[in-house]
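Student: Below are the structure tokens for one structure; questions will follow.
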Amino acid sequence: MADPESVKVKNFEFTPAKIRIAQGDKVKWRNVEGTHTVTMDQREIEMDAILSGDADITSEKFKKEGVYKYVCTLHIESENMKGKVIVGDGDRDE
Ligand SMILES: [Cu+2]
């Protein structure tokens, strides 16, 4: 199985902010600097991970098509501390 798509987490940005994966794939968030959260509650995916220093978190499989938005709750005011995981053609209605 392929490695999960990954997103870098640093002050104060998720890179890339938008990724597309296939249905059933996972996403890995890799912390680069600072302390951040990856917080999401959409469809059946619920995450509230705190990442500090050298750390990463891999999601459960995204089983349903759709757009899954997430934020860093510590930097909610920051434009770039939010992101989207698009599963399959989940954004075709947007
Ligand atoms: Cu943050």
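The values are calculated or read from the model by the stated rules, or taken from the named source; none is laboratory data. In this text, all values refer to a predicted model and were calculated from it rather than measured experimentally. Because the Cβ atoms are built from the backbone with ideal geometry, glycine has one as well, and the counts that use them run over all protein chains shown.
Student: State the number of residues belonging to the range 31-60 that are under 16 Å from Ile19 (Cα atoms), surrounded by fewer than 16 Cβ atoms within 10 Å (Cβ to Cβ) and modelled with pLDDT of 95 or more.
Tutor: Within the range 31-60, residues that are under 16 Å from Ile19 (Cα atoms), surrounded by fewer than 16 Cβ atoms within 10 Å (Cβ to Cβ) and modelled with pLDDT of 95 or more number 1.
Student: Which of the residues belonging to the range 61-94 are farther than 19 Å from Gln23 by Cα, assigned to a loop (DSSP other than H, G, I, E, B) and not β-branched (Val, Ile, Thr)? I'd like the intermediate steps shown before the answer.
Tutor: Step one: list which residues in the range 61-94 are farther than 19 Å from Gln23 by Cα, which gives 71-82.
Filter once more, keeping what is assigned to a loop (DSSP other than H, G, I, E, B): 72, 76-81.
Listed by number, the residues that qualify are Cys72, Glu77, Ser78, Glu79, Asn80, Met81.
Student: In addition: Considering only residues that are within 20 Å of Gly88 (Cβ to Cβ) and assigned to a loop (DSSP other than H, G, I, E, B), look in the range 19-45 and name the one that is nearest to the ligand (Cβ to nearest atom).
Tutor: The selected residue is Lys26.
Student: Cβ contacts < 6 Å: first residue over 22 Å from Lys61 (Cα atoms), restricted to the range 71-94; second residue more than 11 Å from the ligand (Cβ to nearest atom) and part of a strand (DSSP E or B), any location; separation 6+ or different chain. Result?
Tutor: Sorted first by the residue in the range 71-94, then by its partner, the list stays empty.
Student: Follow-up question, since we're still on this one. Considering only the range 56-66, I want to know if a residue exists there that is within 16 Å of the ligand (Cβ to nearest atom) and out of contact with any Phe, Trp or Tyr (no Cβ under 9 Å at 6 or more places or on another chain). Please lay out each step first, then the result.
Tutor: Within the range 56-66, the first condition is being within 16 Å of the ligand (Cβ to nearest atom), and the residues that meet it are 56-57.
From what's left, out of contact with any Phe, Trp or Tyr (no Cβ under 9 Å at 6 or more places or on another chain): none.
Within the range 56-66 (the criterion being within 16 Å of the ligand (Cβ to nearest atom) and out of contact with any Phe, Trp or Tyr (no Cβ under 9 Å at 6 or more places or on another chain)), the answer is no, since none of the residues qualifies.
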